[in-house]
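Here the structure comes first, spelled out in structure tokens, and everything after it is commentary.
Please treat every number below as a calculation from the coordinates, not as lab data. Keep in mind that what you see is a predicted model, and the values were worked out from it rather than measured. Here Cβ is always computed from backbone atoms with ideal geometry, including for glycine, and neighbour counts include all displayed protein chains.
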């Protein structure tokens, strides 16, 4: 048994050893294969390395050969350049010698110039001293200094130049004086002939006609004319019966009178005559007329191609549509004046737009004078209103001076005044007759004669001003103020006139003395 077991063990051991030997042999074979592969790879790498080194050595040798060739060529070029370089060095050496010689020559010249300058300074000093001695001798001989002589000569030359300038200015002034009247008349005639727009005079309606219906008339007269009184309260226009079937409109100004007329006619046309309807018609008439006025102002600006005028100024221009002066419509007059002023300004080489603008608004003070507490003439109040609403001084000044309330100081001021007068004086513009003008002047003189303290009264500016002279011993300053107010109040109460009349009281003092010959 034991032998069998031993044999089995030995057999197992032998088998195990055989397996181990086989494994070791296979491993050895694998290692040998790896070693062979490594040996082959190293040999290939070594061969590549040797090939790369050989290529690098070949390139290096080629570069060496190229550099040796280039160095040889450069050496050859240097050898070839040596003669030229030697020639240039010789040339520079000669130039240095020439420059040195020239510098020496220049130094010599500078020394000579310094010597000449010193000699010239010495001569200048001698000349100055000689001039001083000569001046002293001349001043002693003349008895006056050089400064005094120069001042005398300057004054003589100045006086001569002043006299010559005065003569030239006088000649120019005389020449201009001789031609200005002809030139001004030609300018006005050309402007008047060129302006061809029809501007018929229009008279505003001052009365209304009663309705034909008896029933409507009775309603107007019922309860003591309560409807008309309500209309008067709403419009400030009184309706006064006339001899025929008409009612006379009496209001503070033509614009207000037009509001009353429109309200009355609309109420009658509607057929319902009551106090409530009268007030409603008055309100509607005022609104519509206000729109008409503003449209008229804007239309005037469009006709004259004017822009950026303040709406309140255009509002006053539109209200001129309901004002007349001697039956001439003032809205039409303003536009006509602007056209005439523009033509004259352009003929003189001036700005036409500024001329049209100033002429269009020159009479807006007439509306202010009636509707507000404006003081002074319509020209002054209109100029102030224009200034307050952004107009430039060159536009405002012609407004203030177009009736000489302010002395005109620009060419445009004279043109606006001329255009205003031309528009009012052209044939057909106004309907006042010589008889009516004479009657108004006589009435003014008669009013002045009623005041005993008045010595003389002069009607001036076409009836627009009354100038009164009084004895200063009978009327003091306060009395003069009261007298002007009293005369103006009498004129307002007793006369009908367009625009305004200025009353001026002058206290004239006359002093005299007698000189007698001594015996």
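For the stretch 45-98, the alpha-carbon coordinates run over 75, 16, 5 Å along the three principal axes, in decreasing order. Reported to two decimal places, what Rg/Rh ratio describes the stretch 95-167 when computed on Cα atoms with Rh from the Kirkwood expression? Rg divided by Rh gives 1.47. Assuming R0 = 56 Å, can you tell me the calculated FRET efficiency for the pair residue 504 and residue 138, based on Cβ-Cβ distance, to the nearest 0.05? With R0 = 56 Å, the Cβ-Cβ based efficiency is 0.25.
Find the percent of Cα-Cα distances in the stretch 31-129 that exceed 18 Å, and round it to a whole number. Display every interim value, and only then the final one.
Numbers: 3819 of 4851 pairs.
Value for the stretch 31-129 (Cα pairs over 18 Å): 79 percent.
For the stretch 434-507, the Kirkwood hydrodynamic radius comes to 12.4 Å, computed from all pairs of different C-alpha atoms.
Rounded to the nearest 5, what is the percent of antiparallel bridges among the DSSP beta bridges in the stretch 434-507?
On the way: 6 of 12 bridges.
Among the beta bridges of the stretch 434-507, antiparallel pairing accounts for roughly 50 percent.
Per the Debye calculation on the stretch 207-425 with a single equal scatterer at every Cα and no solvent contribution, log₁₀ I(q)/I(0) for q = 0.10 Å⁻¹ amounts to -0.52.
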